[in-house]
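Take a look at the structure below.
The values are calculated or read from the model by the stated rules, or taken from the named source; none is laboratory data. A quick note: this is a predicted structure, and the numbers were derived from the prediction, not measured. Neighbour counts are summed over all protein chains in view; Cβ atoms, including those assigned to glycine, are modelled from backbone coordinates with ideal geometry. Areas reflect the complete protein model, heavy atoms only, side chains present, ligands, DNA and RNA absent. Shrake-Rupley method; radii C 1.70, N 1.55, O 1.52, S 1.80 Å.
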Amino acid sequence: MVDANTTTPPPSSLGSSGTSSTNPSNKHAKPKPLTRGPNAQRSNASSQTYILFVLTCVFVTMTGNFLHHRIADPHSLHRRSMDAFKKHHLEGHNELAKKLEKEKQEQKEAAASKLLMVSNGTTAKALPPPIGHDLAGLSCTDHGGPSDELAAEMVYWEDIPSDSNFKSPIGANDKTNKYLTFEPDGGGFNNIRMSMETIVVMAHAMGRILVMPPAQNHYLLRKDRDKQRTHFSFNDFYHMEQVGFEHAGLEIITMEEFLLKEAMTGNLKDKETGKVMFPPYNRTDWNGQDPKELKEYLRNVTLTPLNWAPGSCLAAFPSDDGPEHFEELNGFMHELKQGQFPKSQDFVDNPVPVDAPPIERLKEAVAGQMRVRMLTHFYAFLFFEDWRQDLWSKRFVRDHLRYSDEIQCAAARVVAALRERARKRDPEGNPNGEFDSMHIRRGDFQYKETQITSDEIYQNSKDELKEGGTVFVATDHVGKPFFKPLADHYDLVFLKDFAKELEGVNTNYFGMVDQLVASRGRVFFGCYHSTFTGFIVRMRGYHSVRDKSQGYESGLLFNTYYYTGSKEKNLYQHYGPLMSPYYSREFPIAWRNIDYGIDELVSAATS
């Protein structure tokens, strides 16, 4: 490291004073005494500088060698990073797993305690407090009101304890962990909701652990991103954290838990090469991150059935496990293909009984099949050989895949204010504060036939709406001038007129609040082809069964219409079987007689 031409002596010849001079031609020469003149001082300074330089070079050399072997070696780097990960993350995961298991056990014990108290006639006040939300009702005490009495009208769901104990026969004896991951639909929220419902029911039916996607941006749910949160998980809209606790046959975990447990322990491998693949950047928490790379990773390490085309197949589940039972279902389909394939028109006002033999129910399920992507209703894509499991799945979606209490309570406040407004306008003729409702879709809707004028909407709906009455309009259209022809005849109100009731609510929830409020209208007019309207209709179907409204036994909704034209207007005055395009509307099979057979399900589960 030292230049060979230098005349400065090497460090080994230095004396205790820090500087010295020797004669290189005479190694036996005596050292000269130290001098303290100016030249000597400059010589001392020069020597010190040289020593510092040499020591620095030695340090850099040693450090370079160390770093080369410790850092540049990729195997060493990966080994140490994995050791560090296991120490800091897997230990945390084990603690998290223990905590979750403890919470789940506490939930089960609380549920068992509740069932015991109810069976013994214990008063409701003695029951254990609900964790997260009420199963049977709706309490808005912790959500800004309204009173429980006013909030009760939003409730269409039931608490059926025996339903929570039902397990799918598929995979019941499989002790290994199997998972179901999914990607949210790329469309609007109600398209996302439809696919999510399908996936959750599938996870239960397949006996798989459901892995929820991380919080992320969703189409049209990015309002006021500089003022409020715009990354959402399904747990922000539903009580997903509770659904798994509520059901013995369904386990739900987060994506982070899944990656910690399976990916970071080397259990996920590339489908093509068989080599272990770790998540991009070894990241396990993808909440708020761009999920593109995560999606690509999961597609590489999981079975991704891209050939699942809802337009050409059903996901069918036999009543028992084993290959022979699946072959039996295939035999039903083969039998149908050998004869005259059923048509949707065969079932108009002619519903198949909910407990009919499998092949009869299958006929209605496959009639007029033409589906695209996973944009379909869960009840149109999933077929169960056992009619009791079929009805269970519909009750499950009704009772548990409902909007969160925060959203329900915000809607309840608006409904209460609407009724008060309608009551004040006509205290004698409208003591109950009845109002009508509409969903008018404009925006980026691709179905041009629905883009009719406000005058046309009025003409198509005036016979059913109350002249001068209060009408709530859920809409994506900005600007009141468009609605003037309707406002000339009705007390027209919009969600934005209820700022007080919606104070503090994330504006990205407003679409869901719109749906809930519109579902409570005496008469409702919706937009054909709109999945937003569709869910309003389904909730009205749930309410009709709970209230035992006219025609509920057949799934009919006599006060529910489409404003888009005479062809679609009265569809819900008749029983309509499943028909393409499925996403365009909801069908009575989703709510008709779905509470039938609960006792039979319990008997089947315990036999």
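For segment 490-497, does any single residue satisfy the condition of being in contact with an Asp or Glu (Cβ under 6 Å, 6 or more places away or on another chain) and either open to solvent by less than 20 Å² (accessible area, probe 1.4 Å) or not polar (S, T, N, Q) (or both)?
Keep residues of segment 490-497 that are in contact with an Asp or Glu (Cβ under 6 Å, 6 or more places away or on another chain), which gives 495.
Subsequent filtering for residues that are either open to solvent by less than 20 Å² (accessible area, probe 1.4 Å) or not polar (S, T, N, Q) (or both) retains 495.
Yes, the conditions are met somewhere in segment 490-497.
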### Query
Somewhere in segment 467-482, is a residue of a type outside the set (Lys, Arg), assigned to a helix (DSSP H, G or I) and open to solvent by less than 20 Å² (accessible area, probe 1.4 Å)?
no
### Query
Here are MET512, MET539: which of them is assigned to a helix (DSSP H, G or I) and within 16 Å of TRP591 (Cβ to Cβ)?
MET539
### Residue among ARG229, ARG193 that alone is open to solvent by 10 Å² or more (accessible area, probe 1.4 Å) and within 29 Å of THR531 (Cα to Cα)
ARG229
### Query
Going by the structure shown, is LEU502 over 23 Å from TYR403 (Cα atoms) and among the aliphatic types (A, V, I, L, M)?
no
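Based on what the data block shows, is VAL414 more than 15 Å from PHE524 (Cα to Cα), of a type in the set (A, V, I, L, M) and at pLDDT below 95? Spell out how you get there, then give the answer.
Numbers: more than 15 Å from PHE524 (Cα to Cα): yes; of a type in the set (A, V, I, L, M): yes; at pLDDT below 95: no.
For VAL414, the condition - more than 15 Å from PHE524 (Cα to Cα), of a type in the set (A, V, I, L, M) and at pLDDT below 95 - is not met.
When segment 132-173 is examined, which residues are found to be β-branched (Val, Ile, Thr) and either in contact (Cβ under 8 Å) with a residue 40 or more places away in the chain or outside any helix (DSSP H, G or I) (or both)?
Quick first cut of segment 132-173, residues β-branched (Val, Ile, Thr) only: 141, 155, 160, 170.
VAL155, ILE160, ILE170 - these are the residues of segment 132-173 that are β-branched (Val, Ile, Thr) and either in contact (Cβ under 8 Å) with a residue 40 or more places away in the chain or outside any helix (DSSP H, G or I) (or both).
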### Query
Is it fair to say LEU329 is touching a Ser or Thr at 6+ places or on another chain (Cβ under 8 Å), hydrophobic (A, V, I, L, M, F, W, C) and either without any contact (Cβ under 8 Å) to a residue 60 or more places away in the chain or not in a strand (DSSP E or B) (or both)?
no
### Task
State whether one or more residues within segment 124-143 are on the phi > 0 side of the Ramachandran plot, open to solvent by 30 Å² or more (accessible area, probe 1.4 Å) and modelled with pLDDT under 75.
yes
### Task
Report the residue count in segment 542-583 for those that are open to solvent by less than 30 Å² (accessible area, probe 1.4 Å), hydrophobic (A, V, I, L, M, F, W, C) and assigned to a loop (DSSP other than H, G, I, E, B).
3
## Note on the structure
A careful count of residues in segment 241-282 that are open to solvent by 60 Å² or more (accessible area, probe 1.4 Å), β-branched (Val, Ile, Thr) and either in a helix (DSSP H, G or I) or closer than 26 Å to GLU197 by Cα (or both) gives 1
### Message
Take GLU324 and tell me if it is surrounded by fewer than 13 Cβ atoms within 10 Å (Cβ to Cβ) and at pLDDT 95 or above.
### Response
no
### Task
Starting from residues that are crowded, with 21+ Cβ neighbours inside 10 Å and in contact with a Pro (Cβ under 9 Å, 6 or more places away or on another chain), keep the ones in segment 373-382 and report whichever is farthest from ILE594 (Cα to Cα).
THR376
### Summary
Counting only residues that are outside any loop (DSSP other than H, G, I, E, B) and not charged (D, E, K, R), segment 174-199 contains a total of 12
### Message
Regarding segment 435-444, can at least one residue be identified that is among the small types (Gly, Ala, Ser), within 31 Å of the chain's Cα centre (by Cα), within 22 Å of ARG540 (Cα to Cα) and buried (at least 20 other Cβ atoms within 10 Å of the Cβ)?
### Response
yes
